[in-house]
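Chemist: First the structure, which I've put down as structure tokens, then a few questions once you've had a look.
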Amino acid sequence: MTKRVLFTGGGSAGHVSVNVALIPRFKEKDWTISYIGSHNGIEKDMITTQFPDVPYHGIASGKLRRYFSVKNFTDPFRVLAGVMQAYRVLKKEKPNVIFSKGGFVSVPVLLAAKMAKIPVAIHESDVTPGLANKLAIPFATKIYTTFKETLQFMPKDRSTCAGAIIREELFTGSRKVGEELTNLHASKPVLLIMGGSLGAQGINKVVRDSLDSLLEHFSVIHLCGKGNIIQTDKEGYVQYEFVSTELPHLLEMTDLVVSRAGSNSIFEFLALKKPMLLIPLSKESSRGDQILNANAFVQQGFALKLEEQDLSQECFLTTVRQLRDQQWTMVEKMEEAPPSYTIDQMTDEIALLSRSNGN
Ligand SMILES: CC(=O)N[C@H]1[C@@H](OP(=O)(O)OP(=O)(O)OC[C@H]2O[C@@H](n3ccc(=O)[nH]c3=O)[C@H](O)[C@@H]2O)O[C@H](CO)[C@@H](O)[C@@H]1O
């Protein structure tokens, strides 16, 4: 009988990309795969377009806010509805094991998994666990982390540092295809700007304010987030809202990166040896996880960091210059970085957790 695995996770691409990395390997091994996400989140688009044959089940999910909102009173009911919907999906799909990448949609799924007695593996990408994963920890059979520093926040007997799980297609980029896509054939080095999967207004603004100076030294590829493209005919400047199959090719032609400090992105840049300037999401707009991610990378010599409140045009351009000067020292440090689990290792670990009698 074929084994069955169910994936969950969503809200932003960072909570989906590990699933996207693992699904193809489970397919190769002939597992039956299904997915639970929200009705309208980015995970729905990513999973249904990349894996049209994987059944996608949308459920209700409340957002776990740290601030006051009227929805804080109605969302617990949505979570409850989500638990019941997820339970019904689990009874239908009968997974032997569940893999959760976190995000608020995963909370009802994990509660339902506990009720249905299905083993669950969760993966935490950031230095400190997100709220959804914090709630999920008591229900997890096994917890995997990207950073080894994260283990201090996790139950010792059930947690392992696996490192970042990176989708294999990112290593298959072609500079030639990248040049054809972007129409950038100049001899200048390429600077890729990535504002996280949802874009970043602060980064978009400073990049555009600094564009003339940047274009003297670089060709610029700007992943600016949905609805953020501006009208311009500046030569050497290419904008995308969000890229999918193009990303490996754009990365292959990239020399340096300016980015938010979302965990998946920065580990992808590390794996591809792209020195980076990180501008983490500030403590005002998040729990500060990206600041910790960025600090860990600066400490290891993989990145420079600029905090959002210091993001003046002058400071930005000076730090980009420093990045260019330190490029090769950073690449050397990156070559010494400890390896992460391969996709095969992670897949085998999840398979080992699976119970034999899905019901
Ligand atoms: C605002 C917010 O909540 N950010 C969090 C979110 O970030 P976010 O969703 O931005 O997550 P990451 O930076 O971790 O991952 C983004 C993923 O999207 C991909 N990508 C990005 C742009 C693009 O055009 N195409 C594309 O495929 C990247 O290659 C990467 O795999 O999850 C991360 C991992 O838990 C956290 O560290 C971040 O703090």
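Chemist: So is T146 hydroxyl-bearing (S, T, Y), within 23 Å of the chain's Cα centre (by Cα) and more than 14 Å from the ligand (Cβ to nearest atom) or not?
Modeler: In short, no.
Chemist: With respect to the numbered conditions (1) in contact with an Asp or Glu (Cβ under 8 Å, 6 or more places away or on another chain); (2) surrounded by 16 or more Cβ atoms within 10 Å (Cβ to Cβ); (3) not β-branched (V, I, T), which one is the sole condition not fulfilled by N295?
Modeler: With (1) in contact with an Asp or Glu (Cβ under 8 Å, 6 or more places away or on another chain); (2) surrounded by 16 or more Cβ atoms within 10 Å (Cβ to Cβ); (3) not β-branched (V, I, T) applied to N295, the lone miss is (1).
Chemist: Residues in the range 2-9: is at least one surrounded by 18 or more Cβ atoms within 10 Å (Cβ to Cβ) and within 13 Å of the ligand (Cβ to nearest atom)?
Modeler: Looking for residues that are surrounded by 18 or more Cβ atoms within 10 Å (Cβ to Cβ) and within 13 Å of the ligand (Cβ to nearest atom), one finds at least one in the range 2-9, hence yes.
Chemist: Can you give me the number of residues within the range 305-352 that are part of a loop (DSSP other than H, G, I, E, B), closer than 30 Å to V97 by Cα and without any contact (Cβ under 8 Å) to a residue 12 or more places away in the chain?
Modeler: Summing the residues that are part of a loop (DSSP other than H, G, I, E, B), closer than 30 Å to V97 by Cα and without any contact (Cβ under 8 Å) to a residue 12 or more places away in the chain in the range 305-352 gives 1.
Chemist: Shifting gears a bit: Determine which single condition V298 fails, assuming it passes every other condition in (1) hydrophobic (A, V, I, L, M, F, W, C); (2) more than 12 Å from the ligand (Cβ to nearest atom); (3) in a helix (DSSP H, G or I); (4) under 15 Å from L191 (Cα atoms).
Modeler: Looking at each condition in turn, V298 falls short on (4).
Chemist: Restricted to the range 18-50, and to residues that are under 26 Å from M84 (Cα atoms) and among the polar types (S, T, N, Q), which residue is farthest from the chain's Cα centre (by Cα)?
Modeler: Applying the filter and picking the extreme gives T32.
Chemist: Looking at the structure I just gave you, is V18 more than 16 Å from the ligand (Cβ to nearest atom), closer than 20 Å to L353 by Cβ and buried (at least 20 other Cβ atoms within 10 Å of the Cβ)?
Modeler: So V18 fails the test.
Chemist: Given the conditions (1) touching a strand residue (DSSP E or B) at 6+ places or on another chain (Cβ under 6 Å); (2) modelled with pLDDT under 95; (3) not hydrophobic (A, V, I, L, M, F, W, C), and given that K274 satisfies all but one, which numbered condition is not satisfied?
Modeler: (2)
Chemist: Out of (1) within 16 Å of the ligand (Cβ to nearest atom); (2) farther than 20 Å from G262 by Cα, the odd one out for A132 is which?
Modeler: Here A132 meets the rest and fails (2).
Chemist: Would you mind stating whether V97 is surrounded by 22 or more Cβ atoms within 10 Å (Cβ to Cβ), away from the ligand (no atom under 16 Å from the Cβ) and either polar (S, T, N, Q) or within 23 Å of D289 (Cβ to Cβ) (or both)?
Modeler: In short, no.
Chemist: Please give the number of the condition W31 fails out of (1) of a type in the set (F, W, Y); (2) under 24 Å from K134 (Cβ atoms); (3) buried (at least 20 other Cβ atoms within 10 Å of the Cβ).
Modeler: Of everything listed in (1) of a type in the set (F, W, Y); (2) under 24 Å from K134 (Cβ atoms); (3) buried (at least 20 other Cβ atoms within 10 Å of the Cβ), W31 misses just condition (2).
Chemist: Which residues, counting only those in the range 280-295, are away from the ligand (no atom under 12 Å from the Cβ), farther than 10 Å from V127 by Cβ and at pLDDT 95 or above?
Modeler: Correct list: empty.
Chemist: Right, something else. Within the range 328-359, can you find the residues that are surrounded by 15 or more Cβ atoms within 10 Å (Cβ to Cβ) and among the polar types (S, T, N, Q)?
Modeler: S340, T342, T347, S354
Chemist: While we're here: Among the residues of the range 186-208, how many are within 15 Å of the ligand (Cβ to nearest atom), surrounded by fewer than 22 Cβ atoms within 10 Å (Cβ to Cβ), in a loop (DSSP other than H, G, I, E, B) and of a type in the set (S, T, N, Q)?
Modeler: 0
Chemist: Can you tell me which condition M46 does not meet? The list is (1) more than 16 Å from the ligand (Cβ to nearest atom); (2) modelled with pLDDT under 95, and all the others hold.
Modeler: (1)
Chemist: Please give the number of the condition P119 fails out of (1) farther than 30 Å from L223 by Cβ; (2) within 12 Å of the ligand (Cβ to nearest atom).
Modeler: (2)
The values are calculated or read from the model by the stated rules, or taken from the named source; none is laboratory data. Worth saying up front: this structure is predicted, and the values here are computed from it rather than measured. All Cβ positions, glycine included, derive from the backbone under ideal geometry; neighbour counts span all protein chains shown.
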